[in-house]
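Q: Have a look at this one before I ask anything.
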Amino acid sequence: MTPSHIAFIMDGNGRWAEHRHLPRKYGHKMGTKTLDLVVNLAMKYEVKTVTFYAFSTENWTRPKSEIDYLFQIFRRFLSEIDKYRDKNVRLRFIGNLAKFPADIVDSCEKMVSETAKNDGLNVVIALNYGSWEEITTAVNSLLASGKTSVTKDDVVSALYTHDIDFPDLVVRTGGEVRLSNFLLLQSAYSEFIFTDLLWPDFDEKAFVSVLDEYASRVRKYGGLKS
Ligand code: FPP
């Protein structure tokens, strides 16, 4: 079966550039091309939703020059509304956007509203996202609404992902085997694939092999194999 929702941890951009004696930012530039490729592959192989971890709550500790370059990349991505509208892609963002420059926040809102009626591929970009921040924000909003006890549905509805299905599969490139504060609750029963490929090297062959590997997994959700 094809996974309906794949979430990507796009790791290895910096090393891809360093291996070529290029500045790290060049790796992010190439990583942007991979994101674009994966969006097209998701459409080709009929995946319904793809989520990309583009900036974590921990990424603020990177040098300002790298952060500024990532902002530049996000601005360019956000300026391409027509490209996504024409592909019938619906864009959404998860994370605490308020910490980003106002023009980026405005462009995110514009992209969301201008693609809201599209019913093709869902593309979700995690910006200033971290599960601990998400859960803390959710708990505070539930408390502010006057609740003194909550159900699982209350928690789900207070998460940034309230209107997005949980990922069937989480893929991390770059050789590290950890989740790095990404979709911790939402991936409770996801399948995981960790690949040594660096994100800029992730291509159609790698995408297909991830789909094949997922198809071979048996999901039991804590029950018995059916
Ligand atoms: C992790 O690799 C990657 C990031 C922190 C940035 C990911 C962002 C992009 C791929 C840009 C595209 C995003 C959009 C929304 C257009 P790393 O730099 O930590 O790699 P390293 O572990 O090799 O140093």
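Any read-out appearing in this document is the output of simple, stated calculations on the displayed coordinates, not a laboratory observation. Remember, predicted model here, so these are calculated numbers, not experimental data. Methodologically, a virtual Cβ is constructed for each residue, glycine included, from the backbone with ideal geometry; neighbour enumeration extends over all protein chains shown.
Q: Among rounded, prolate and oblate, which fits segment 60-104 when a ≥ b ≥ c are the square roots of the eigenvalues of its C-alpha gyration tensor, a/c under 1.5 means rounded, and a/b larger than b/c means prolate? Walk me through the intermediate numbers first.
A: Working: a/c = 2.79, a/b = 1.87, b/c = 1.49.
Prolate shape, in that a/c is at least 1.5 and a/b is the bigger ratio.
Q: Cβ under 14 Å from GLY175's Cβ, GLY175 left aside: what net charge do those residues give with Lys, Arg +1 and Asp, Glu -1? Intermediate values should be presented prior to the final figure.
A: Details: positive: ARG15, ARG172, ARG178; negative: ASP11, GLU18, GLU176, ASP196, ASP201.
Cβ neighbours under 14 Å give a net charge of -2.
Q: Same structure again: Sum -39500 (n - 2.57) across every DSSP H segment of at least 4 residues in the chain, then divide by the residue count to get the 222 nm mean residue ellipticity, nearest 500.
A: Working: 8 runs with 97 residues, N = 226.
After summing the helix terms and dividing by residue count, I get -13500 deg cm²/dmol.
Q: In addition: Let me know the shape class of the chain, please: from the alpha-carbon gyration tensor, a ≥ b ≥ c as square roots of the eigenvalues, rounded when a/c is under 1.5, otherwise prolate if a/b is greater than b/c, or oblate.
A: Numbers: a/c = 1.39, a/b = 1.10, b/c = 1.27.
The shape class here is rounded.
Q: In addition: For segment 94-162, what's the relative contact order in percent, using C-alpha pairs closer than 8 Å and at least 6 residues apart? Kindly include the intermediate steps, with their values, before the conclusion.
A: On the way: 39 pairs, mean separation 28.4, N = 69.
Relative contact order here is 41 percent.
Q: Sticking with this one: For ASP11, ASP86, what's the fewest-to-most ordering of other Cβ within 10 Å of each Cβ? Don't skip to the answer; put the middle values down first.
A: Values: ASP11 21, ASP86 9.
Neighbour counts put them in this order, fewest first: ASP86, ASP11.
Q: Another question, then. Is there a pair in LYS33/LYS117; LYS44/LYS117; LYS48/LYS147; LYS44/LYS64; LYS48/LYS110; LYS25/LYS87 whose C-alpha atoms are over 31 Å apart, and which pairs would that be?
A: Details: LYS33/LYS117 26 Å; LYS44/LYS117 20 Å; LYS48/LYS147 34 Å; LYS44/LYS64 37 Å; LYS48/LYS110 22 Å; LYS25/LYS87 28 Å.
Too far apart for the 31 Å limit: LYS48/LYS147; LYS44/LYS64.
Q: Would you order LEU91, LEU185 from fewest to most other beta-carbon atoms within 10 Å of each residue's own beta-carbon? Mind showing how you got there, number by number?
A: Working: LEU91 23, LEU185 15.
Listed from fewest to most nearby Cβ atoms, that is LEU185, LEU91.
Q: Kindly provide the pair-distance distribution of segment 89-151 built from C-alpha pairs, with 10 Å bins from 0 and whole-percent values in order of increasing distance.
A: 20, 37, 33, 11
Q: Can I ask one more? In what sequence do HIS162, HIS5 fall when counting other Cβ within 10 Å, fewest first? List each step's numbers first, then the result.
A: Working: HIS162 11, HIS5 21.
So the ranking, lowest neighbour count to highest, is HIS162, HIS5.
Q: Next question, about the same structure. Show the residues, 5+ positions off or on another chain, whose built amide H is closer than 5 Å to the amide H of ARG90.
A: Result for ARG90 returns GLY120, LEU121, ASN122, VAL123.
Q: Then there's this: Can you list which of the GluC sites (Glu not before Pro) found in segment 38-91 are DSSP loop residues with at most 14 other C-beta atoms within 10 Å?
A: Answer by residue number: GLU46, GLU58, GLU80.
Q: While we're here: Can I get the semi-axes of segment 1-88's equivalent ellipsoid? Compute them from the C-alpha gyration tensor as square roots of 5 times the eigenvalues, in angstrom, largest first. Working shown, then result.
A: On the way: eigenvalues 125, 47, 33 Å².
Semi-axes (√(5λ), whole Å): 25, 15, 13.
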